[in-house]
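To start, the structure itself, in structure tokens.
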Amino acid sequence: MKPLEGLIVLEFCQFLAGPSAGLKLADLGARVIKIERPVKGEACRQLSIKDLFVDDSSLLFHTINRNKESFAADLKNPDDLVLIKKLIEKADIMTHNFRPGVMEKIGLDFETTLTINPKIIYGTITGYGDKGPWAKKPGQDLLLQSLSGLSWLSGRKSQGPVPFGLAVADLMCGNHFVQGILAALLKRAKTGKGVLVEVSLLESILDVQFEAITSFLNDGGQQPERGDVKGSAHAFLSAPYGVYKTQDDYISLAMGDLIFIGNTLGVNLNQYADKHLWFEKRDEIREILAAKLAEQTADYWLEVLQKQGIWCGKVLNYQTLDQQPFVQELQLKQTVKNSQGETLVTTRSPIQLDGQILISSKAAPKVGEDNLAIQEQFIR
């Protein structure tokens, strides 16, 4: 039995942050009912990655909405709103990421919802909080990466700001949202009362950077100083930290004693014995290491370095990652199936409980696919 089995979640969320939280709750056993507009459904169904679609919905939608049900309803329609309120009466949790003021306008704000279900856990995601001049601005991942300073941490100094190749603000906000909801479940168990959970993309993406921002705040306001050689990997860490090209592939070198690493590679770095130079001269040092590492293959250097306990590894792409034995050994992939019998391979939940991997087999639903079953069970 999964830990959240028996809990009913009504998800009014769109795009990535809120639905990714719903995905994690569903993987943990909750019954997640996605409330969508009729016919077109949630907007993310048409937001594609590389123009990839599965049963008329984008592959992106499928990646974050497996293991859920779909209930189609028009929140501007009074008759549909009556049905939604009946669902709220039976729910444990409801989540939304509408702009501030939207739920208040239709009478589904937290205080009003408490009159329908006094024990509801009510979760909201905003872009920048619900007050102030930014409250109604679009909370989009790239905009948050740009606003928060995050884009100045990757790439080389000469490249200017470099955004992540992932929707990192959305994904981390979804993680924080789940943490808040789980904490609210514990609070409700103690008090018997409903709980309001609020997170914002801005606060989440700042929290992701707590190390960098704490350094900035306590180091005289010094900006992150990225290296400017190929393979520079961290604005706050010294040489040898980075990625290096070998004769045939790439390897990464993590933190370690620079002089010892140099001796292992057969490079004399004694002129950098003063550890302060490991940061101050890190580009210069990385270029010396890069020249040496280019002389042999990745496998050759990994054997030499790992024999000495030095933290290093090969840099894999998705193709070579998929060929690694641990992908099968850890069952890192799962196959989900939709109601038409079509299958899709996805990643699985990273959590194991009592030695059991949390596997899901149900693909994302079609719009309104579960209306009839849900109405028969909850709305009679």
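The values are calculated or read from the model by the stated rules, or taken from the named source; none is laboratory data. Quick caveat, the model's predicted, so the values are computed rather than measured. Reconstructed Cβ throughout: ideal geometry from the backbone, glycine too, with neighbour counts over all protein chains shown. Please note that ligands, DNA and RNA were not included when accessible areas were found on the heavy atoms of the full protein model with its side chains. Shrake-Rupley method; radii C 1.70, N 1.55, O 1.52, S 1.80 Å.
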Report yes if G139 is of a type outside the set (A, V, I, L, M) and buried (at least 18 other Cβ atoms within 10 Å of the Cβ), otherwise no. yes
Please go through region 245-257 and give me each residue that is crowded, with 16+ Cβ neighbours inside 10 Å and either modelled with pLDDT under 95 or not assigned by the TED database to the domain that holds I285 (or both), ordered by number. G256
In the list C13, C44, which residue meets the criterion of being open to solvent by less than 50 Å² (accessible area, probe 1.4 Å), in a loop (DSSP other than H, G, I, E, B), assigned by the TED database to the domain that holds T112 and out of contact with any Asp or Glu (no Cβ under 6 Å at 6 or more places or on another chain)? C13
All but one of (1) without any contact (Cβ under 8 Å) to a residue 60 or more places away in the chain; (2) within 27 Å of the chain's Cα centre (by Cα) hold for A364; which doesn't? (1)
Filter region 135-185 down to the residues that are part of a helix (DSSP H, G or I) and charged (D, E, K, R) and list them by number. D141, K157, D170
Of all residues in region 227-269, which are in a loop (DSSP other than H, G, I, E, B), in contact with a strand residue (DSSP E or B) (Cβ under 6 Å, 6 or more places away or on another chain) and not hydrophobic (A, V, I, L, M, F, W, C)? G231, P240
Close pairs (6 angstrom Cβ cut-off, 6 or more residues apart or separate chains): within 10 Å of Y250 (Cα to Cα) in region 309-321, among the β-branched types (V, I, T) anywhere: K314/I251; V315/V243
Matching residues, region 330-380, being open to solvent by 70 Å² or more (accessible area, probe 1.4 Å), of a type in the set (K, R) and closer than 22 Å to P3 by Cα: K333
